[in-house]
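The values are calculated or read from the model by the stated rules, or taken from the named source; none is laboratory data. Everything numeric here is computed off the predicted structure, so don't read it as measured data. Cβ placement follows ideal geometry from the backbone for every residue including glycine, while neighbour counts extend to all protein chains displayed.
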Amino acid sequence: MYGIGRRRTAVFASFVALLLICFGNAQAEVKNSTADHSKFKELQQDFKTGPEVTEACLSCHTEASKQLMQTTHWTWEFDHPKTGEKLGKRNVLNSFCGNVVSNEPRCTSCHIGYGWQDMNVSSSEALGEQQVDCLVCHDKTGTYSKFPTKAGHPLYEPTNVNGKVQMPPDLTKIAQHVGQTSRENCGACHFYGGGGDGVKHGDLDSSLTNPPKSLDVHMSKEGANMTCATCHNPDAHNVPGSRYATKVIDKEGVDIPTSHYKDHASCDSCHGDKPHKTKEKLNDHTDKVACQTCHIPEFARGGVATKTWWDWSTAGKMDENGNPLNIKDDHGHITYMATKGDFKYAENVVPTYAWFDGQMNYTLRDEEINDQGVVAMNTFGGSANDPQSRIWPFKLMRGKQPYDTKEKHLLINHVFGKDDASFWSNFSWEKALKFATQKAGQSYSGEFGFVETTMHWPITHMVAPKEDALSCQDCHTRTNSRLAAITDVYMPGRDHFPLLSSIGWGLALLTLVGSIGHGLIRLISTKRGGR
Amino acid sequence: MANGKIKTLVFTRFERFWHWCQALLIVGMMFTGFGINGAHDLIAYEQAAFLHRMAAWTLMGLWVFAIFWMFTTGEWKQFIPTVHKLREVVRYYSIDIFNPEAVHPYRKTRKFKHNPLQRLAYLAFMLVIMPAIWGSGLLYLFYNDWPALGLQNWSLEPVAFVHVAAAFGMLLFFIGHVYMVFTATPVTKYLHAMLTGYEEVYPDDSETGVKK
């Protein structure tokens, strides 16, 4: 007993130490840093462009670009270790904006480099070390931003944007005020995936920049005040955590400070697999149910709606004046855009649940689809019998995508650009698809249609306070069980044996009626006998 | 006494304690158990499951004492089954009982306080319903340790089936048992005996209902 107690104390102390290291760094960069970048000679320059700043950064941080150019943030490529699929933004299709290739200067505004114009050429071939964008992640002034259509560059001169003059960011001031990444830095791209705030993920949107504790216990200032990098702690600029190969469980257990690098991008990295102290029965669930399933009861809880339906097939309608049609609903959400089609949004969304082993398969551009049904744009493994799987919450994204009706595969689309072929200029599917498939080198019969699709996005952020976690009866119930779709396990409370119940209650009723009848006859005969 | 019966302590203090605690626990476990099963919504799953587990452990503890008591006192012999006079007792409960003049055919004594029908019912209770409900219940309780016990290929569904089926058996026993309590003359005689421990029975050295 004594030994166990000591070990627990040691683990706890290590955990506290770990937290101190994490938060100490995050909070005290101004006070505690040994370097004040505004005093560096290298940064006393009138920087005109992003790459000029990077060159100055590299004069001290000599290996930074080399490190970064090894990462998915740079390559937008991911060779899946299990499935062998070639994934990454350079390759995959999604059911939002579709694909990067042929839409580069717009999509690559969220690339971590400057000026990647062509997906057919890898980022490392196209760009050099000076084209790594240090500021988008390390700006502490909150004034740096990459312009939406400049392939990752910010504005360099005052520019008229929709009738307003937008000033370029002050690169010199920003370069002199750099530091560790904050929620704002990561959020600048990751909160806006899919073309707008909260559109894509559902558990990542601008409400997480400064969330109340009810929205996110870890990142709230009233909570642990963590940054993204507290859990997604980078190793040589490589940020752990992946939606292609998700770490469903951390087999190494609770992290303690050690000499070797260890990422924390999973709940059990810090909480272990027996995190419940007062309701220990809950610990019996951690081998089957992901923490997220109970502790993220709903997503899109921060007041930002997420897109749940995107139907490209209706795009291209004009109003009576021949201008592109746009329709807003009562909440101010755009429900139709000529450029994009029909949308549906949702807030406070109850996730869909499925067994998940972390391994995502994508329906890539050359994969045959069955257009008779709904096409899954991504699929994943997992079952009750697989010890690596957990029941996981997902955002289910639905919609319709263009596909080749003869060759039966999804089609690359060209939406952005001032050229004649882009859908957003000319609203011609024929031209846009022809241009895009040629650009991407994709086979295309020339005949297209639209097929309904689903896409599953694993939910892992927006962890609620424990009071708001699901209760037992949200799943263990015959009606409206959250886990109604998990059919390969017997769940007490949800499942029962109808025939056994009928027979059991039938016999009980017979016994009761028999007893009462027996008793009544006794009563009557006693009275008669008494007379 | 005129009829030859003597007021005797038939149910000792421990036996009564055991009986009524077990009664309370079993009623509670039927209520919470059928709540977990989903047959009623009178209690939330979480509370039902918690109380069911607590009651299970309490009942197991009680049984440890009960088994110890059975063997140290020799009272287990009260449950040895017999067919002697079984036919008469069955006939009494199914026919003669409706005749107010009829007398129970079993001569109850301190050492032979259960009639042959009771012995069979209690033995079935202890050898069929209880093992089924305990066996499946313990497997249920230790579901998370199945892999460590080498049972990783077992499925919860058949275990749950046996558990629920045994619970229905328990319910049937319970209804019958409660009814039978009130077949005495006067009707509360058996209940009174189980509460106070005292009942008028024949002395053990008299001719009993069971062959010695």
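If you go through segment A:475-504 and keep only what is free of Cβ contacts under 8 Å to residues at least 40 places away in the same chain and more than 8 Å from chain B (Cβ to nearest Cβ), you end up with A:475, A:479, A:480, A:481, A:484, A:487, A:491, A:498, A:499, A:502. Exactly one residue out of A:388, A:438, A:442 is in a loop (DSSP other than H, G, I, E, B), assigned by TED's automatic domain parsing to the domain that holds residue A:318 and more than 30 Å from residue A:241 (Cα to Cα): that is A:442. Take residue A:522 and decide whether it is more than 8 Å from every other protein chain (Cβ to nearest Cβ) and surrounded by 14 or more Cβ atoms within 10 Å (Cβ to Cβ). Considered against the rule, which asks whether it is more than 8 Å from every other protein chain (Cβ to nearest Cβ) and surrounded by 14 or more Cβ atoms within 10 Å (Cβ to Cβ), residue A:522 comes out as no. Do we have residue A:314 as among the hydroxyl-bearing types (Ser, Thr, Tyr), within 16 Å of the chain's Cα centre (by Cα) and at pLDDT 95 or above here? Spelling it out, it is not the case that residue A:314 is among the hydroxyl-bearing types (Ser, Thr, Tyr), within 16 Å of the chain's Cα centre (by Cα) and at pLDDT 95 or above. Taken over segment A:225-243, the criterion of being part of a loop (DSSP other than H, G, I, E, B), touching a residue at least 24 places away in the same chain (Cβ under 8 Å) and either out of contact with any Cys (no Cβ under 9 Å at 6 or more places or on another chain) or farther than 20 Å from residue A:254 by Cα (or both) is satisfied by A:225, A:236, A:237, A:242, A:243. Here residue B:106 passes the criteria (1) surrounded by fewer than 18 Cβ atoms within 10 Å (Cβ to Cβ); (2) of a type in the set (Ser, Thr, Tyr); (3) not in a helix (DSSP H, G or I) except the one numbered (1).
If you filter segment A:445-503 down to residues that are of a type in the set (Ser, Thr, Tyr) and part of a loop (DSSP other than H, G, I, E, B), you find that the one that is surrounded by the most Cβ atoms within 10 Å (Cβ to Cβ) is A:460. If you go through segment A:74-99 and keep only what is among the β-branched types (Val, Ile, Thr) and over 18 Å from the mean Cα position of the chain (by Cα), you end up with A:75, A:83.
Within segment A:274-297, can you find the residues that are within 14 Å of the chain's Cα centre (by Cα) and in a loop (DSSP other than H, G, I, E, B)? Within segment A:274-297, just A:296 meets the criteria.
Here residue A:389 meets each of (1) polar (S, T, N, Q); (2) buried (at least 16 other Cβ atoms within 10 Å of the Cβ); (3) free of Cβ contacts under 8 Å to residues at least 40 places away in the same chain with one exception, condition (3).
Within segment B:109-147, being of a type in the set (Val, Ile, Thr) and surrounded by 15 or more Cβ atoms within 10 Å (Cβ to Cβ) holds for B:109, B:129, B:133.
Is one or more of the residues making up segment A:514-531 under 30 Å from residue A:476 (Cβ atoms) and not assigned by TED's automatic domain parsing to the domain that holds residue A:471? Within segment A:514-531, none of the residues are under 30 Å from residue A:476 (Cβ atoms) and not assigned by TED's automatic domain parsing to the domain that holds residue A:471.
Taking the stated definitions as given, is residue B:79 closer than 18 Å to residue B:201 by Cα, in contact (Cβ under 8 Å) with a residue 40 or more places away in the chain and surrounded by 13 or more Cβ atoms within 10 Å (Cβ to Cβ)? Spelling it out, residue B:79 is indeed closer than 18 Å to residue B:201 by Cα, in contact (Cβ under 8 Å) with a residue 40 or more places away in the chain and surrounded by 13 or more Cβ atoms within 10 Å (Cβ to Cβ).
When the helices (runs of 4 or more DSSP H) confined to segment B:114-190 are screened for residues that are within 30 Å of residue A:526 (Cβ to Cβ) and more than 10 Å from chain A (Cβ to nearest Cβ), those reaching at least 3 such residues are found at B:116-124. The set of residues from segment A:358-385 being part of a loop (DSSP other than H, G, I, E, B) and among the polar types (S, T, N, Q) comprises A:363, A:370, A:372, A:383, A:385. Just a yes or no: is a residue in segment A:222-232 within 29 Å of residue A:333 (Cα to Cα) and not polar (S, T, N, Q)? There is at least one residue in segment A:222-232 that is within 29 Å of residue A:333 (Cα to Cα) and not polar (S, T, N, Q). Of the candidates A:251, A:340, the single residue that is of a type in the set (Lys, Arg), closer than 28 Å to residue A:378 by Cβ and surrounded by fewer than 19 Cβ atoms within 10 Å (Cβ to Cβ) is A:251. Look through segment A:505-517, keep the residues that are farther than 16 Å from residue B:33 by Cβ and more than 7 Å from chain B (Cβ to nearest Cβ), and return whichever of them is nearest to the chain's Cα centre (by Cα). The extreme case among them is A:506.
Counting only residues that are more than 22 Å from residue A:352 (Cβ to Cβ) and hydroxyl-bearing (Ser, Thr, Tyr), segment A:383-418 holds 2 of them.
Just one of the numbered conditions (1) within 12 Å of another protein chain (Cβ to nearest Cβ); (2) among the aromatic types (Phe, Trp, Tyr); (3) surrounded by fewer than 15 Cβ atoms within 10 Å (Cβ to Cβ) is not true of residue B:71; which one? Unmet condition: (1).
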